[in-house]
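Each remark here refers to the structure printed beneath this line.
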Ligand SMILES: [Fe+2]
């Protein structure tokens, strides 16, 4: 990329130095660059140089900012004043969403034929096939990573405390079920809380990026791969155990699982059965979560 910028700089410097010399040259001096003959020669020379540069620029995609670099730069801007529970402004969210909406698997060096996506026999001790996580970047403000799911791969129901999260399905078909907490609802017990269903649908790429927020948009979600699929995730801010933002996993139960017939508080909710559920905290490492890390080998993310 750098070597392509140099010719442009050279051309600009060349043009600029010629402009600076213009006033000093005597048009009557045949050796002057401003003599009619030399003027024409110079014009032809400049034209040739610029045309050569233009041709080179067009022919070489290395000069263009890659999609993943654009994503990284936009994340830096969008999350620059971020922090726990801080939602970026509407225009910043839109800016990042537009970048993600048009991203394709090849932008991050992925194809569905890669080993990560092949249906493998599920190990006996696991309920779903292994998922691969490719780490692209992490700083205090945001993280970028890709989950590679073979068919039937599941990322169990989990939360994103105080985060804004952008998820872009790069290819494949994936079922998403997501919830938000019901504010002010009584807790069934210290680990079981009432949630409302936000999304229960299947997405097929190409599709737009989806966004969740600290308090809504489906902050708790589960991904189930209907086919092999890849999901690009941007988290702002990232998980951070010391700061209390760790990933909690849940099981979801229908409302009547814990709701006694005479529970007045939930009687109204009962009428909307199906739109609400009990989410119960699980152990930190649920047995159906099987994510392995792998080296990201796509286009460079940062300088
Ligand atoms: Fe997630």
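What's the ranking of 219-229, 247-257 by average number of surrounding C-beta atoms within 10 Å, highest first?
By packing density, highest mean first, the sequence is 219-229, 247-257.
When you count, for each residue, the other Cβ atoms within 10 Å and take the mean per peptide, how do 99-112, 151-164 rank with the highest first?
Per-residue mean Cβ counts within 10 Å order the peptides as 151-164, 99-112.
Would you mind estimating how fast region 67-294 diffuses translationally, via Stokes-Einstein at 37 °C and 0.692 mPa s with the Kirkwood radius over Cα pairs, in µm²/s?
On the way: Rh = 18.4 Å.
It diffuses with D of about 178 µm²/s by this estimate.
If you take every DSSP beta bridge whose two residues both sit in region 67-294, what share of them, in percent to the nearest 5, is antiparallel? Write down the numbers at each step before the final one.
Values: 54 of 58 bridges.
Bridges in region 67-294 are about 95 percent antiparallel.
Relative to the compact globular guide of 2.2 N^0.38 Å, what is the alpha carbon radius of gyration of region 141-253, as a ratio?
Taking the Cα Rg and dividing by 2.2 N^0.38 Å, one obtains 1.06.
Tell me the volume per residue, in Å³, of the convex hull enclosing the alpha carbons of region 96-175.
Hull volume normalised by residue count: 127 Å³.
Would you kindly give the portion of the calculated P(r) for region 222-262 that falls above 11 Å, as a percent of all Cα pairs?
For region 222-262, the fraction of Cα-Cα distances above 11 Å is 80 percent.
What spacing in nm lies between the two simple spin-label points modelled at residue 124 and residue 241, each 7 Å away from Cα in the Cβ direction?
Output for this residue pair reads 3.1 nm.
Can you give me the Cα centroid spacing of region 83-100 and region 173-243 in angstrom?
First find each Cα centre; the distance between them is then 17 Å.
Bear in mind that the values in this text are calculations on the coordinates, not laboratory data. Predicted model, so just to flag it, every value in this text is computed and none were measured. FYI the Cβ positions are ideal-geometry reconstructions off the backbone, even for glycines, and counts take in every protein chain you see.
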